[in-house]
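Contents: one structure, followed by commentary.
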Amino acid sequence: MSTEAKLHIDHVTKTFQARGAGQSLVAVQDVNLEIQDGEFLVIVGPSGCGKSTLLDILSGLTLPSSGEVLIDGKPITGPGPDRGIVFQQYALLPWRTAAENLEFGLEATGVAKTERRERALEHLELVGLADFADSYPHQLSGGMKQRVAIARSLATDPELLIMDEPFGALDALTRDALQTQLRAIWKRTGKTIVFVTHGIDEAVYLGQRVAVMSARPGRIKALVDIPAWDDAEAAEVRADPEFGRSSQVVWEQLRDEIATSQGFSATRPEPGRAGARRVGRTRELEEAGSVA
Ligand SMILES: Nc1ncnc2c1ncn2[C@@H]1O[C@H](COP(=O)(O)OP(=O)(O)OP(=O)(O)O)[C@@H](O)[C@H]1O
Ligand SMILES: [Mg+2]
């Protein structure tokens with residue numbers, strides 16, 4: 001084990017007890033991963049492969065069934081101020097202004113009132129929303145709300161930023177703009193970021209490494225190193241031939257996993273499963289090979 005790793009994910013498995021006696025579902029299986037201080041790691045994988053479950057474990061919202069996660073050498077046993085979380089849904093308090101939403105997160109960590117205000121304004125400025133400190137969430141666009149959520153997660157100065165499809169609900173243009181902005185924030189703050197997405201473009205633009213997870217039970221199937229892009233708009237970086245090559249590598253790793261998770265395989269036909277459609281968790285359980 002390297003001692004410098006910011007995050008050390010060590011043989012992490014998560015099994016859920018499903019509805020019905022004796023049934024269990026392996027969501028994440030034997031995941032091992034080291035994430036360095038200041039690294040931007042992106043995780044991709046088919047829907048239902050256990051990405052959010054893994055992030056929940058890093059957040060401390062869920063405990064692993066076996067294995068452990070160390071942050072700065074210490075086991076994660078619950079949520080903590082050393083980790084900031086951004087979900088797909090903004091989860092802002094509607095009755096509080098943008099600044100008050102940030103202050104709320106700081107209250108829990110015992111920061112004095114005047115400093116809370118200062119820190120809130122400073123972080124709204126970081127995401128370009130200094131002029132909207134007194135706006136309520138309903139007065140902000142989706143992209144602005146997500147920028148408030150990002151500012152809130154950074155305001156407590158966490159060691160690790162955990163982001164689960166944070167731009168998934170936004171339109172393509174807003175998403176591009178926020179990707180560029182997040183990269184700039186990452187460079188400026190030097191935070192360690194673990195980011196889940198469904199978008200290969202987004203993964204290759206943002207990540208220094210892209211971890212591809214297998215179909216459930218989710219394992220780390222491949223780790224793809226991504227070249228360091230020049231400071232440029234997302235659209236310019238995408239025009240780089242190296243960008244196309246990296247995207248292709250990620251896609252090749254992902255393709256079979258998506259096919260498997262959909263119940264068919266493009267390269268390895270499984271006649272019994274062809275055409276099977278997943279409709280909700282119950283059906284999934286009946287079909288899944290990992291159900292005990
Ligand atoms: N609390 C829970 N109880 C039982 N099963 C769960 C629970 N949470 C997740 N699961 C199951 O674990 C598996 C992984 O779910 P998870 O949400 O981690 O997938 P995901 O990779 O984030 O998917 P998506 O890309 O659709 O967000 C799924 O089969 C899901 O049904
Ligand atoms: Mg998810």
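The values are calculated or read from the model by the stated rules, or taken from the named source; none is laboratory data. Everything numeric here is computed off the predicted structure, so don't read it as measured data. Because the Cβ atoms are built from the backbone with ideal geometry, glycine has one as well, and the counts that use them run over all protein chains shown. Accessible surface areas use protein heavy atoms only, side chains included; no ligands, DNA or RNA. Shrake-Rupley method; radii C 1.70, N 1.55, O 1.52, S 1.80 Å.
Within region 42-79, the set of residues being among the hydrophobic types (A, V, I, L, M, F, W, C), under 30 Å from Ala228 (Cβ atoms) and more than 16 Å from ligand 2 (Cβ to nearest atom) comprises Val69, Leu70, Ile71, Ile76.
Residue-by-condition table, conditions (1) out of contact with any helix residue (DSSP H, G or I) (no Cβ under 8 Å at 6 or more places or on another chain); (2) farther than 14 Å from Phe40 by Cα; (3) in contact (Cβ under 8 Å) with a residue 60 or more places away in the chain; (4) not assigned by TED's automatic domain parsing to the domain that holds Val237:
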{"residue": "Pro166", "(1), (2), (3), (4)": "no, yes, yes, no"}
{"residue": "Ala172", "(1), (2), (3), (4)": "yes, yes, no, no"}
{"residue": "Asp176", "(1), (2), (3), (4)": "no, yes, no, no"}
{"residue": "Thr197", "(1), (2), (3), (4)": "no, no, yes, no"}
{"residue": "Gln208", "(1), (2), (3), (4)": "yes, no, yes, no"}
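Taken over region 182-213, the criterion of being farther than 20 Å from Ala149 by Cα and of a type in the set (Val, Ile, Thr) is satisfied by Ile200, Val204, Val210, Val212. Restricting region 189-237 to residues that are open to solvent by 10 Å² or more (accessible area, probe 1.4 Å) and part of a strand (DSSP E or B) leaves a set whose member that is farthest from Ser24 (Cα to Cα) is Asp225.
Scanning region 63-75 for residues that are surrounded by fewer than 19 Cβ atoms within 10 Å (Cβ to Cβ), in contact (Cβ under 8 Å) with a residue 40 or more places away in the chain and farther than 12 Å from Val12 by Cα, we see that the one that is nearest to the chain's Cα centre (by Cα) is Asp72. Listed conditions (1) of a type outside the set (Val, Ile, Thr); (2) touching a residue at least 60 places away in the same chain (Cβ under 8 Å); (3) open to solvent by 30 Å² or more (accessible area, probe 1.4 Å) are all met by Lys145, apart from (2).
Residue count for region 151-167, restricted to those that are farther than 9 Å from Ile85 by Cβ, open to solvent by 10 Å² or more (accessible area, probe 1.4 Å) and not in a loop (DSSP other than H, G, I, E, B): 1.
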